[in-house]
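Undergrad: My structure is below; once you've seen it, I'll send some questions.
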Amino acid sequence: MSELFRTPFGRHSAASEVIAGVDLSGRRAVVTGATSGIGVETARALASAGAEVTLAVRRPDAGEQVAADLRIKTGNDAIHVARVDVADLDSVNAFTAAWAGPLHILVNNAGIMMLPELERGTGGHEQQFATNYLGHFALALGLHSALADAGGARMVTVSSSGHLFSPVVFDDLDYRFRPYDALTAYGQSKTAEVLLAIEADRRWSGEGIRANALHPGAIATNLQRHTGGLKTPEPYRKTIEQGAATSVLLAASPLVEGVGGRYFEDVNEAPQVTSRPTQLGVPGVAAYALDAANAERLWDRGTTILR
């Protein structure tokens, strides 16, 4: 693997620091899950730099409240709201069919975490895999032409260090043989999101589309509603502003122009590991999440599922 990509930023850097001096005038961005947490802060940072931002959200009423607040805070009126529920492929397909014109930035930010009981979503697939991966895969495929038309676009997928708890188990994606486990199901879905970035970059970089994945850090948000709240000790936590910094770097910073097919955390590329780190705060991405054969296999499987 090539040398790790480094930036002047670190784990305590905030999105506002990363976006400082960046001009996104004339660029259009879509951010999923932008009604809370780092999705809102990512949208705020992009809008503050002049981008036209669409909040792609499950609840448009909540999205309109966020958009109104962001317009005031950023002075940017070009903040829109559209319904996109990545657990509902009909809403994803309706959104992509209605999109017109180029798209410069796609941030796959929405997600669910550690559902306590086995639930099934799209096509009977395990719900975390269906939501976190399949929904965003369908969104990316549907917006591919718009990204290609941008003449230089970026796709950013928010994964998690939770991917270290499971590879994609191709022979049992949906827990039809294994007993359901909330943590490994979440881990599998987050590995799938890294593989989405790896394969999208391989397939689409020739069209000017670069794709990367990231771990935002341990941040107290609505994502932990099924876990009883964030369990990470205070010294290893991040604020929402710090958590959004890596997404904003990959979406907008000129520092990563032309960079793709990588996994970042703490606003820098993470080292590859062959076993899960036992110490908190140690960065790392599993080799299986970067594996080109896994990435191609998952893309082909996803394409078959969505037909």
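The values are calculated or read from the model by the stated rules, or taken from the named source; none is laboratory data. Keep in mind the model is a prediction, meaning the values are calculated, not measured. Note that we place each Cβ from the backbone using ideal geometry, even for glycine, and neighbour counts take in every protein chain shown. These accessible areas exclude ligands, DNA and RNA; they are computed on the full protein's heavy atoms, side chains included. Shrake-Rupley method; radii C 1.70, N 1.55, O 1.52, S 1.80 Å.
Undergrad: Can you compute 3J(HN,Hα) from phi for each residue in region 274-280, using the Karplus curve 6.51 cos²θ - 1.76 cosθ + 1.60 with θ = phi - 60°, rounded to whole Hz and x for Gly and Pro?
TA: My calculation for region 274-280 gives 10, 8, 6, x, 8, 9, 4 Hz in order.
Undergrad: Applying 1/(1 + (r/R0)^6) with R0 = 35 Å to the Cβ-Cβ distance of residue 207 and residue 77, what FRET efficiency is obtained, to the nearest 0.05? If you can, show how the numbers build up before the last one.
TA: Working: r = 31 Å, r/R0 = 0.88.
Calculated value: 0.70.
Undergrad: Right, next: What accessible area, in Å² to the nearest ten, does a 1.4 Å probe give for residue 300?
TA: For residue 300, the solvent-accessible surface is approximately 80 Å².
Undergrad: Using label points projected 7 Å from each Cα along Cα→Cβ, tell me how many nm separate residue 236 and residue 307, to one decimal.
TA: 4.3 nm
Undergrad: Considering only the chain, what is the antiparallel percent among its DSSP beta bridges, to the nearest 5? Present the calculation step by step, with values, prior to reporting the outcome.
TA: Numbers: 3 of 32 bridges.
Around 10 percent of the beta bridges assigned by DSSP in the chain are antiparallel ones.
Undergrad: Going by the alpha-carbon gyration tensor, a ≥ b ≥ c the square roots of its eigenvalues, is region 91-168 rounded (a/c under 1.5) or, if a/c is not under 1.5, prolate (a/b greater than b/c) versus oblate? Kindly include the intermediate steps, with their values, before the conclusion.
TA: Numbers: a/c = 3.15, a/b = 1.72, b/c = 1.83.
It is oblate, given that a/c is not under 1.5 and a/b is not larger than b/c.
Undergrad: Find, among the GluC sites (Glu not before Pro) in region 228-307, those assigned to loop by DSSP (not H, G, I, E, B) with at most 14 other beta-carbon atoms within 10 angstrom.
TA: Numbers: sites: 241, 257, 265, 269, 296; in loops: 257.
Answer by residue number: 257.
Undergrad: Given +1 on the Cβ of Lys and Arg, -1 on the Cβ of Asp and Glu, and no further charges, what dipole in debye does region 48-160 carry about its Cα centre, rounded to the nearest 20?
TA: Values: 7 positive and 12 negative charges, 48 e Å.
The dipole of region 48-160 has a size of about 220 debye.
Undergrad: Taking a ≥ b ≥ c as the square roots of the eigenvalues of the Cα gyration tensor of the chain, is the shape rounded (a/c under 1.5), prolate (a/b larger than b/c) or oblate? It would help to have the intermediate numbers written out before the result.
TA: Numbers: a/c = 1.30, a/b = 1.19, b/c = 1.10.
Rounded, because the longest to shortest axis ratio a/c is under 1.5.
Undergrad: Taking N as the number of residues in region 1-128, what is its alpha-carbon radius of gyration divided by 2.2 N^0.38 Å?
TA: Working: Rg = 16.4 Å, N = 128, 2.2 N^0.38 = 13.9 Å.
Output field value: 1.18.
Undergrad: Next up: Which value in deg cm²/dmol, rounded to the nearest 500, describes the helix-derived mean residue ellipticity at 222 nm for the chain, given -39,500 (n - 2.57) per DSSP H run of n ≥ 4 and division by the residue count? If you can, show how the numbers build up before the last one.
TA: On the way: 11 runs with 108 residues, N = 307.
After summing the helix terms and dividing by residue count, I get -10500 deg cm²/dmol.
Undergrad: Here is a follow-up. Taking all protein chains together and a probe of 1.4 Å, list 73, 190 from the most accessible to the least accessible.
TA: Numbers: 73 140, 190 10 Å².
Reading off the accessible areas and sorting them downward yields 73, 190.
Undergrad: I'm a student and want to see the number: the projected area of the Cα convex hull of region 160-303, averaged over all directions, in nm².
TA: Working: hull surface 38.2 nm².
That works out to 9.5 nm².
Undergrad: For region 14-30, in order, what is each residue's ³J(HN,Hα) by Karplus, 6.51 cos²θ - 1.76 cosθ + 1.60 with θ = phi - 60°, in whole Hz (x at glycine and Pro)?
TA: Taking θ as phi minus 60°, the curve returns 9, 4, 4, 6, 5, 8, 4, x, 8, 10, 10, 4, x, 9, 10, 10, 10 Hz for region 14-30.
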